[in-house]
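The values are calculated or read from the model by the stated rules, or taken from the named source; none is laboratory data. Values in this document were obtained by computation on a predicted structure and should not be read as measured data. Every residue, glycine as well, gets a Cβ built from its backbone with ideal geometry; the counts of neighbours run over all protein chains shown. In case anyone asks, the SASA skips ligands and DNA or RNA and just uses the protein heavy atoms, side chains included. Shrake-Rupley method; radii C 1.70, N 1.55, O 1.52, S 1.80 Å.
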Amino acid sequence: MIRVGIVGVGTVGESVAQILRANRDIISARAGKEIVVRKGVVRNLSRNRNVDIPLTDDVNEVLDDPEIDIVVELMGGVEEPYAVVKKALERGKAVVTANKALLAYHRYDLQEVAGELPFEFEASVAGGIPIIKALREGLSANHIESITGIINGTANYILTKMMNEGVDFGPVLEEAQELGYAEADPTFDIGGFDAAHKLLILASIAYGIDAKPEDILIEGIEQITQADIGFAKEFGYTIKLLGIAKKVGSFVELRVHPALVPQGRMIAKVDGVMNGISVIGDKVGETMYYGPGAGGDATASAVISDIIAIARGGKSSPMLGFKRPLESGLELLGRESVVSKYYLRLEVEDRPGVLAKVSRVMGEQQISIETMLQKPGSGESASLLLATHACEERSMQEALKALFELQSVKERPVMIRMEG
């Protein structure tokens, strides 16, 4: 028998306890052992929870219980769960977590503490999609050339509604909050931070790169309007919030931002609250992973798959999947060195000579314009929409600064990167 302690019996924790009970027979058959939740830890014992397990508000009742084999951490946050997980490992207990923020900051030091103890985290990225196992095991014979993921369902839901129904950002966000897809404070999701935490975990497994959220380019979807949607549709693109990890020579670029994606790409077809991740390996080519990225049952499914894997006999490799430096020599590419195509939206005065001034600024930074549209605005203004050929991020940022300083440009320019 495997005995489990759940630290954090919220939405996911409740689902874990319920599924372990409801699907007990098939889980026991696959694990080779019965799996039982011995105790759950909650902050508020007075709140009703739909589980039939003993509850406590003292985490030490789980950490100090010698009969508990696996600690499942579902608290959320960073430093408090870090202390809990570290103590569990120091007491010789295996750990399963769904906490991407914890791993975004502490994955490498937790790997050192864990040593040969099982430490599993499939549920930390893309909910019910087994992307961690795919990278760590199924694609282990490959050098990973790139990972491109839609890994935040809230942002994908908002952008899908904006693309398909012509609704503005604000009303769609309110609808997402009413439906429970977005939190009361949605900054973490729409600002790209949730996706960045997940991307860092995937990049560690694929490249062995150690980076924190503060080290990488992160942008959200708040500035996207129907003008941008219209340009995307007219030229055969859709707009998605992407997490991108890509090997470029001896560097790895990591970035999270909205992007114009050609409608023909598989990842462009991932709509609503669903997640999708494209992984390109040097031998296997492109593989695509699709499914629900959040929700109690989907995330709990991944948590339980990790518990079953541990019950079957522990582990054969460290938590991130490599025992010695992986892809040695790789460094994080500075965000100013990222190369991309760009889309720009400028609100300008509608008078002769403005276009020439814009073109001159772009030319001074050696940026070539590929496509341009002008849309009438209100009064004596116009929206200038343009797409560039590939250039370095540093050149684009200099151009944006110079454009905003032009008297004929009425608002700060909006920029969205374009992915081929």
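Of the residues in the range 42-69, how many are open to solvent by less than 40 Å² (accessible area, probe 1.4 Å), aliphatic (A, V, I, L, M) and not in a loop (DSSP other than H, G, I, E, B)?
First, pick out the residues of the range 42-69 that are open to solvent by less than 40 Å² (accessible area, probe 1.4 Å): 42, 51, 53, 56, 59, 62-63, 65, 68.
Then keep just the ones that are aliphatic (A, V, I, L, M); that gives 42, 51, 53, 59, 62-63, 68.
Next, only the ones that are not in a loop (DSSP other than H, G, I, E, B) stay: 62-63.
Matching residues across the range 42-69 total 2.
Pick out the one residue from 120, 145, 80 that is farther than 30 Å from residue 237 by Cα, under 19 Å from the mean Cα position of the chain (by Cα) and open to solvent by 10 Å² or more (accessible area, probe 1.4 Å).
Unique residue meeting the criteria: 120.
With respect to residue 127, is the statement that it is surrounded by fewer than 19 Cβ atoms within 10 Å (Cβ to Cβ) and either on the phi > 0 side of the Ramachandran plot or in a strand (DSSP E or B) (or both) true?
For residue 127, the condition - surrounded by fewer than 19 Cβ atoms within 10 Å (Cβ to Cβ) and either on the phi > 0 side of the Ramachandran plot or in a strand (DSSP E or B) (or both) - is not met.
Within the range 266-286, which residues are open to solvent by 30 Å² or more (accessible area, probe 1.4 Å) and either without any contact (Cβ under 8 Å) to a residue 60 or more places away in the chain or under 21 Å from residue 128 (Cβ atoms) (or both)? Spell out the reasoning first.
Taking the range 266-286 first, the residues open to solvent by 30 Å² or more (accessible area, probe 1.4 Å) are 266, 269, 271, 273-274, 280, 282-284, 286.
Selection gives 266, 269, 271, 273, 274, 286.
Give the residue, chosen from 9, 72, 37, 96, that is under 19 Å from residue 297 (Cβ atoms), open to solvent by 10 Å² or more (accessible area, probe 1.4 Å) and not in a helix (DSSP H, G or I).
37
Please enumerate the residues belonging to the range 160-196 that are crowded, with 24+ Cβ neighbours inside 10 Å and either polar (S, T, N, Q) or in contact (Cβ under 8 Å) with a residue 60 or more places away in the chain (or both).
Matches in the range 160-196: 192, 194, 195, 196.
Can you confirm whether the range 58-67 contains a residue that is in contact with a Leu (Cβ under 9 Å, 6 or more places away or on another chain) and touching a residue at least 12 places away in the same chain (Cβ under 8 Å)?
No, that holds for no residue.
Given the structure, is residue 326 closer than 22 Å to residue 144 by Cα and in contact with an Asp or Glu (Cβ under 6 Å, 6 or more places away or on another chain)?
no
Pairs please, first residue from the range 219-236 and on the phi > 0 side of the Ramachandran plot, second anywhere and modelled with pLDDT of 95 or more and not in a loop (DSSP other than H, G, I, E, B), Cβ atoms under 7 Å, 6+ apart in sequence or on different chains.
Once the first residue is on the phi > 0 side of the Ramachandran plot and sits in the range 219-236, its partners that are modelled with pLDDT of 95 or more and not in a loop (DSSP other than H, G, I, E, B) give 236/262.
So that you can scan it fast, the table gives a plain yes or no per residue for (1) hydrophobic (A, V, I, L, M, F, W, C); (2) farther than 15 Å from residue 219 by Cα:
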{"position": "155", "(1), (2)": "yes, no"}
{"position": "158", "(1), (2)": "yes, yes"}
{"position": "165", "(1), (2)": "no, yes"}
{"position": "177", "(1), (2)": "no, yes"}
{"position": "180", "(1), (2)": "no, yes"}
{"position": "184", "(1), (2)": "yes, yes"}
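Taking the range 333-370 on its own, how many of its residues are under 30 Å from residue 208 (Cα atoms), in contact with a Phe, Trp or Tyr (Cβ under 9 Å, 6 or more places away or on another chain) and touching a residue at least 24 places away in the same chain (Cβ under 8 Å)?
Here is the first cut: in the range 333-370, the residues under 30 Å from residue 208 (Cα atoms) are 333-342.
Add one more test, that the residue is in contact with a Phe, Trp or Tyr (Cβ under 9 Å, 6 or more places away or on another chain), and what stays is 333-334, 337.
Add one more test, that the residue is touching a residue at least 24 places away in the same chain (Cβ under 8 Å), and what stays is 333, 337.
Matching residues across the range 333-370 total 2.
Filter the range 12-28 down to the residues that are open to solvent by 70 Å² or more (accessible area, probe 1.4 Å) and not β-branched (Val, Ile, Thr), then identify the one that is farthest from residue 44 (Cα to Cα).
Checking each candidate, the answer is 25.
Would you confirm, using the coordinates I've provided, whether residue 407 is farther than 30 Å from residue 213 by Cβ and in a strand (DSSP E or B)?
Considered against the rule, which asks whether it is farther than 30 Å from residue 213 by Cβ and in a strand (DSSP E or B), residue 407 comes out as no.
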